[in-house]
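Only the coordinates and a few stated rules stand behind these numbers; no lab work does. Just so it is clear, the structure is predicted and the values come from calculations on it, not from any experiment. Every residue, glycine as well, gets a Cβ built from its backbone with ideal geometry; the counts of neighbours run over all protein chains shown.
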Amino acid sequence: MRRTAVRSAIGAAVLAATLLGSGPARADLDLCNRLSFVVEAAIGIEEKGATATRGWFRLDPGQCRTVLTGEVTAEQVFLHAKALPLYGPSPEPMSGHADLCVGTGDFVIAAARACRPPQRFARFAAVKPSEAAGRLVAALAEEAEYSDEQARRAGIQRLLVLAGYDAHPIDGVSGPKTDAAIAQFLKDRGLPADAATGAGVFDALMEAAQQPAASGFSWCNDTRFAVMAAIAVEEKGALVARGWYRVEPGKCVRPDVVGKPRRVFSYGEAVDGDGQPVRRGDRRLAWGGGTMLCTREARFELGDHKDCGAAGLDATGFAVVDLTGKPSATVRFQE
């Protein structure tokens, strides 16, 4: 299901649960986010043959948060994390050690190896936290191996790009380009100069990233359903299609389009609460066009569209969106 694919766990190839050393579990457990994404995390605790899970804990880039208090005497600690939907295609699920139950919203599940609706299984990785200053610490990290401060800067850069500001490259390094993008964002939003160092900067950036673009391309969802969207852009003479981006009802999403292309190709499809396509009679509620490109149910990035069926892919009709001479363009999904 496309909803599940886009909201997949943080991937081991790009984003991994970092196991920081070893030590006896005898203190509060802190979870630190050294990713360039805002994530939601859940933990699993195994003790005396029983496994419980708890979540969701939102963690901004560079943020540490206490997820267990008191003595941690568990025989095994598990971790699952997922990027928020506004980031579009999340990396593949992390390599894990256990499939445990998670819920929606805040949840505590005492018997997490046998799910009851609406609970679902998610892949958790076993972690062995380190001990520091009398506390246990586990961290989410990506290949760049950011420090807490670098992760915060990279997270700000990533959201600035999604909000339509030029903060490339996303590298966690301060510089004139990033500083100018931050300053322009704060000015545009009427925020004080010190807001970039405050706790609310990620909320402000995420709000901006889900509004119609003043420049570039965006999708806006005017329906009562979530919409899974895909985009294709010409890169080095080839059309590269990427998906899926989840656009919540009443929200907008700006896919990460580098440069200023003269046109993009767009497709969107409404899904219900179970991630299944919404239908009108015998047809899906979808927004596309006549340019046939390859897609698949899971997240994808595809550059070869010659014979989708032979490659085990779906042939999907994308609409052409002309950006020539336009500072911005918005595709609105409407019923």
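Would you work out the charge dipole size for the chain about its Cα centre, treating the Cβ of every Lys and Arg as +1 and the Cβ of every Asp and Glu as -1, and quote it to the nearest 20 debye? Write down the numbers at each step before the final one.
Values: 40 positive and 40 negative charges, 158 e Å.
Roughly 760 debye for the chain.
Quick one: which residues, 5 or more positions from PHE107 or on another chain, have an amide H under 5 Å from its amide H? H modelled 1.01 Å from N in the peptide plane, none for Pro or chain starts.
GLY55, TRP56
Can you give the Kirkwood hydrodynamic radius of the chain from its Cα pairs, in Å with one decimal? Mind dumping the intermediate values first?
Working: mean 1/r = 0.0473 Å⁻¹.
Kirkwood hydrodynamic radius for the chain: 21.1 Å.
Pop a pseudo-label 7 angstrom from the Cα along the beta-carbon direction at both SER147 and ALA311 and give the gap in nm to one decimal.
4.3 nm
Stretch ARG283-GLU248 to full length: gain in nm at 0.36 nm per residue minus the Cα-Cα span? If you can, show how the numbers build up before the last one.
Working: separation 35, 0.36 × 35 = 12.60 nm, distance 2.12 nm.
Here the segment from ARG283 to GLU248 would lengthen by 10.5 nm.
Under a plain spin-label model, where a point goes 7 Å from the Cα along Cα-to-Cβ, how far apart in nm are GLN211 and LEU84?
1.5 nm
With runs of 4+ DSSP H residues as the only contributors, calculate the mean residue ellipticity of the chain at 222 nm using -39,500 (n - 2.57) per run, divided by the residue total and rounded to the nearest 500. All intermediate terms of the calculation are to be shown ahead of the outcome.
On the way: 4 runs with 43 residues, N = 335.
After summing the helix terms and dividing by residue count, I get -4000 deg cm²/dmol.
Using a 10 Å cut-off on Cβ atoms, rank the peptides 128-141, 30-43, 195-208, 275-288 from the highest mean neighbour count down.
Details: 128-141: 17.8, 30-43: 23.5, 195-208: 16.0, 275-288: 13.6.
Highest mean packing first, the order is 30-43, 128-141, 195-208, 275-288.
With +1 on each Lys and Arg Cβ and -1 on each Asp and Glu Cβ, and nothing else charged, work out how big the dipole of the range 149-209 is about its Cα centre, in Debye to the nearest 20.
So the dipole magnitude of the range 149-209 works out to roughly 60 debye.
In nm, give the distance between the simple-model label positions of LEU323 and GLN276, each being 7 Å from the Cα along the Cα-to-Cβ direction.
Here the modelled spin labels are 3.7 nm apart.
Take CYS252, CYS115 and order them by how many other Cβ atoms sit within 10 Å, fewest up front.
On the way: CYS252 21, CYS115 17.
Ordered by Cβ neighbours within 10 Å, fewest first: CYS115, CYS252.
Would you work out the charge dipole size for the range 130-282 about its Cα centre, treating the Cβ of every Lys and Arg as +1 and the Cβ of every Asp and Glu as -1, and quote it to the nearest 20 debye? Mind dumping the intermediate values first?
Working: 18 positive and 22 negative charges, 122 e Å.
Charge dipole of the range 130-282: 580 debye, to the nearest 20.
Rank SER130, SER266, VAL161 by how far each Cα sits towards the positive end of the charge dipole of the chain (+1 on Lys, Arg Cβ; -1 on Asp, Glu Cβ) and give me just the farthest.
Among SER130, SER266, VAL161, the one farthest towards the positive end of the dipole of the chain is SER266.
Pairing the Cα long axis of helix 148-162 with the longest principal axis of the chain, what angle in degrees results, from 0 to 90 and rounded to the nearest 10?
20 degrees
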